[in-house]
1. Is it fair to say THR26 is of a type in the set (Ser, Thr, Tyr), under 18 Å from ARG73 (Cβ atoms) and either out of contact with any Pro (no Cβ under 7 Å at 6 or more places or on another chain) or in a strand (DSSP E or B) (or both)?
2. Which residue pairs have Cβ atoms closer than 6 Å, lie 6 or more positions apart in sequence or on different chains, and pair a first residue in the range 24-47 that is at negative phi and of a type in the set (Asp, Glu) with a second residue that is open to solvent by 70 Å² or more (accessible area, probe 1.4 Å) and in a strand (DSSP E or B)?
3. Here's a check for you: in the range 6-23, which residue that is in a strand (DSSP E or B) and open to solvent by 50 Å² or more (accessible area, probe 1.4 Å) is modelled with the lowest pLDDT?
4. So in the range 31-51, with the set limited to residues that are in a loop (DSSP other than H, G, I, E, B) and open to solvent by 50 Å² or more (accessible area, probe 1.4 Å), which one is farthest from GLU7 (Cα to Cα)?
5. Across the range 1-12, what is the number of residues that are farther than 24 Å from GLY61 by Cβ and either touching a Ser or Thr at 6+ places or on another chain (Cβ under 8 Å) or of a type outside the set (A, V, I, L, M) (or both)?
6. Could you tell me whether the range 54-65 includes any residue that is in contact (Cβ under 8 Å) with a residue 24 or more places away in the chain, aliphatic (A, V, I, L, M), open to solvent by 40 Å² or more (accessible area, probe 1.4 Å) and under 17 Å from ARG5 (Cβ atoms)?
Amino acid sequence: MNPVRYELVFSDDTGSAQDVAIVERTATRGPGGHPVYADPTGIIRAEISDRDEVRILASGGHQDPAQRVLARRLTAADPKDPPGPSGSGP
């Protein structure tokens, strides 16, 4: 079974700068047949395999999808997991 949420870590070419986004599983599948995950805005979309391989999917025109992305599974009890959109924990 695939996890419901992931933390995506985006790194620059040097690996020193990082941005993090939380994504949740959607009902769609990507071109590789794996589940598609998206952030609450729908701008960040990623196909993630059962081996945590990430393929960033374009959500609009003129995007240059990131190449250096690490997916970390989040569990319901993960203390580092930020609160949900309602401001409460998982």
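The values are calculated or read from the model by the stated rules, or taken from the named source; none is laboratory data. Keep in mind it's a predicted model, so treat the numbers as computed, not measured. With ideal geometry, Cβ positions are generated from the backbone for all residues, glycine too; neighbour counts draw on all protein chains shown. Areas reflect the complete protein model, heavy atoms only, side chains present, ligands, DNA and RNA absent. Shrake-Rupley method; radii C 1.70, N 1.55, O 1.52, S 1.80 Å.
1. On the way: of a type in the set (Ser, Thr, Tyr): yes; under 18 Å from ARG73 (Cβ atoms): yes; either out of contact with any Pro (no Cβ under 7 Å at 6 or more places or on another chain) or in a strand (DSSP E or B) (or both): yes.
Yes: the conditions hold for THR26.
2. GLU47/ARG55
3. As a first pass, look at the range 6-23 and keep what is in a strand (DSSP E or B): 6-11, 18-23.
When the remaining residues are screened for being open to solvent by 50 Å² or more (accessible area, probe 1.4 Å), the result is 18-20.
Working: GLN18: 81, ASP19: 89, VAL20: 92.
Per the criteria, the residue is GLN18.
4. In the first step, residues of the range 31-51 are kept if they are in a loop (DSSP other than H, G, I, E, B); the result is 31-34, 39-44, 49-51.
Cutting the leftovers down to open to solvent by 50 Å² or more (accessible area, probe 1.4 Å) gives us 31, 34, 40-41, 43, 50-51.
Working: PRO31: 21, HIS34: 17, PRO40: 13, THR41: 15, ILE43: 15, ASP50: 15, ARG51: 15 Å.
The qualifying residue farthest from GLU7 (Cα to Cα) is PRO31.
5. Residues of the range 1-12 that are farther than 24 Å from GLY61 by Cβ, as a first pass: 1-7, 9, 11.
Pick out the ones that are also either touching a Ser or Thr at 6+ places or on another chain (Cβ under 8 Å) or of a type outside the set (A, V, I, L, M) (or both) and you get 2-3, 5-7, 11.
Adding up the residues that qualify gives 6.
6. yes
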